[in-house]
Amino acid sequence: MRTLTRAALVAVLAVVASLLIAPSGTAQASSRAAVGTISGTVTGPAPATVTLHRRSATGGWSEVGAVEADLRGAYTVRVPSAGTYHVRARLNIDLTHAAAPSRSIAIANGTKVTGVDLAMAPNPTVDGVVTASGFDRAELRPDLSEGRAGLRAAVWGLLDGHWERFGGTYGTYGSSTVRGLYLGPWVDLDTQSGAYTVPVPGYFDAIRLQFYQPHCVEPVDCGDYFGATPVALRAFWNGTPSGAANLAAAADIDVSAGSVVDKNITLQAAPRLRATARPTITGVAAPGKVLTARVGSHVPTATGATYTWRSSAVGQEGEQDEVVGHGRTFTVPPSLVHQKLLVHVTASRAGHEAPLLASTYVMVKTSSKLAVKAKPGKRKATVTIAIKAPGVATSRIHGKASIYAKGKRIKTVNVRNGKATFKIAKQKKGKRTYTVRYSGNRIITSSAKSLKIAIR
């Protein structure tokens, strides 16, 4: 009964490709330099995704990376920084099996831990009936023609006294940034009877279940319905007909003894926030600079918002976007030079659902710095400039440069390989202030520098 989206099929191909071309056990959990590794073997159904989890200062665990085990089940996960970790495993294609967390593993610089083996086991399921109030239950099924995502279940698990969302918060419907094929637990929903089935990991001490419809975020599939407001108001199961509004008010579901049934819930039609102004980005899009997202405006007024920053190669906007950050502010890394950035913003207000809105793209440019030298002569001068831009080879530093005196442009020359020379004539005798301005280009910001030249 599961329906695979276009993006899901793309993800399947990506998984297969990674298994074919990646050397055994060499997949990385992070592009950053690793301080250590954890390796072992996953036994049970394949293909498997091995996830790396780090213990936070409050004692909880959060997922910080994922790798694919090879066809023999071998894996090596690179650990990005010193700390305490454990690893888990789940099936790529569905959530019918998962592996319990490994022991806690302390990683310091140079640590290589081997023999961390994981055994996949069948997951128990939670079954029940979903009833729709104020809308047609058929609207809980995916419909790309209307940009509508199907019903999903967020599984929150209790482990070591902490609640965590199973699989992380990435993986919204239609996203090209999904790791493997994990799109959030599927709700196998029969739109006639309302019966649903959700698989959950059996190693949690207890679980809580939240029902929601994610936004459609794949422009190719969503078309004019990109980010449309969900039909159903999200709710947690708590044994009452309409459920609870938040995790704290939800009720535990004990799956330690196996699958459970009759966890019924009625989902309400969602009151909606209407956007009256789209989100915007302020700040300079350059490495090391901080960008700030503005939520826009809504009716009724939003009381909060979530922010997801995405980057895309020039010419591939909307098709190859990758998640690069979360939160209202974002510090631009050097790796995004000559990429485009936007922010997805979902406003929030208790008891309401809101559309997901996207800002316009901004181009990430690196800053330029000018070094200027002058050789004065009789009624003339020769001015040479050298331009540097962090993260950009001099062969890519081109554009135009102009020289000015008292605000009047004297001459413009081409910049090649980060260098340019001005030969200016018919200048008045005496010490004068000149300003050199570099135009910048599509990956480098403009800049200017003033200097005094004593014309003879």
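Asn414 fulfils the conditions (1) part of a loop (DSSP other than H, G, I, E, B); (2) open to solvent by less than 80 Å² (accessible area, probe 1.4 Å) except for a single criterion, (1). Looking across region 230-256, the residues that are in a strand (DSSP E or B) and within 28 Å of the chain's Cα centre (by Cα) come down to Ala232, Ala235, Phe236. The residue of region 207-232 that is nearest to Arg278 (Cα to Cα), among those that are of a type in the set (A, V, I, L, M), touching a Leu at 6+ places or on another chain (Cβ under 8 Å) and modelled with pLDDT of 90 or more, is Val231. With respect to the stated conditions, Leu336 is out of contact with any Asp or Glu (no Cβ under 7 Å at 6 or more places or on another chain) and under 21 Å from Met363 (Cα atoms).
Within the set Ala269, Ala235, the sole residue that is at pLDDT 95 or above, aliphatic (A, V, I, L, M) and either in contact with a Lys or Arg (Cβ under 9 Å, 6 or more places away or on another chain) or under 17 Å from Arg152 (Cβ atoms) (or both) turns out to be Ala235. List pairs: first residue in region 436-448 and farther than 12 Å from Ser402 by Cβ and open to solvent by less than 20 Å² (accessible area, probe 1.4 Å), second residue aromatic (Phe, Trp, Tyr) and outside any loop (DSSP other than H, G, I, E, B) anywhere in the structure, Cβ distance under 9 angstrom, at least six positions apart or on different chains. Sorted first by the residue in region 436-448, then by its partner, the pairs are Ile444/Tyr438.
Can you tell me which of (1) at pLDDT 95 or above; (2) at negative phi is the one Ala358 doesn't meet? The failed condition is (1). For region 266-290, a residue qualifies if it is aliphatic (A, V, I, L, M) and within 30 Å of Ala245 (Cβ to Cβ), and the qualifying residues are Leu267, Ala269, Ala270, Leu273, Ala275, Ala277. Highlighted here are the strands (runs of 3 or more DSSP E) found entirely within region 32-144 that include at least 3 residues which are in contact with a strand residue (DSSP E or B) (Cβ under 7 Å, 6 or more places away or on another chain), among the hydroxyl-bearing types (Ser, Thr, Tyr) and farther than 24 Å from Arg208 by Cβ: 36-43. Annotation note: of Thr96, Thr125, Thr84, Thr58, the sole residue that is closer than 22 Å to Thr37 by Cα, among the polar types (S, T, N, Q) and open to solvent by 10 Å² or more (accessible area, probe 1.4 Å) is Thr84. Scanning for something in contact (Cβ under 8 Å) with a residue 40 or more places away in the chain and more than 30 Å from Ile444 (Cα to Cα), does region 288-298 turn up at least one residue? Yes, some residue in region 288-298 is in contact (Cβ under 8 Å) with a residue 40 or more places away in the chain and more than 30 Å from Ile444 (Cα to Cα).
The values are calculated or read from the model by the stated rules, or taken from the named source; none is laboratory data. Everything quoted here is computed from the prediction, not taken from an experiment. No Cβ is skipped: glycine too gets one built from the backbone with ideal geometry, and neighbour counts run over all protein chains shown. With ligands, DNA and RNA removed, areas are computed over all heavy atoms of the protein, side chains included. Shrake-Rupley method; radii C 1.70, N 1.55, O 1.52, S 1.80 Å.
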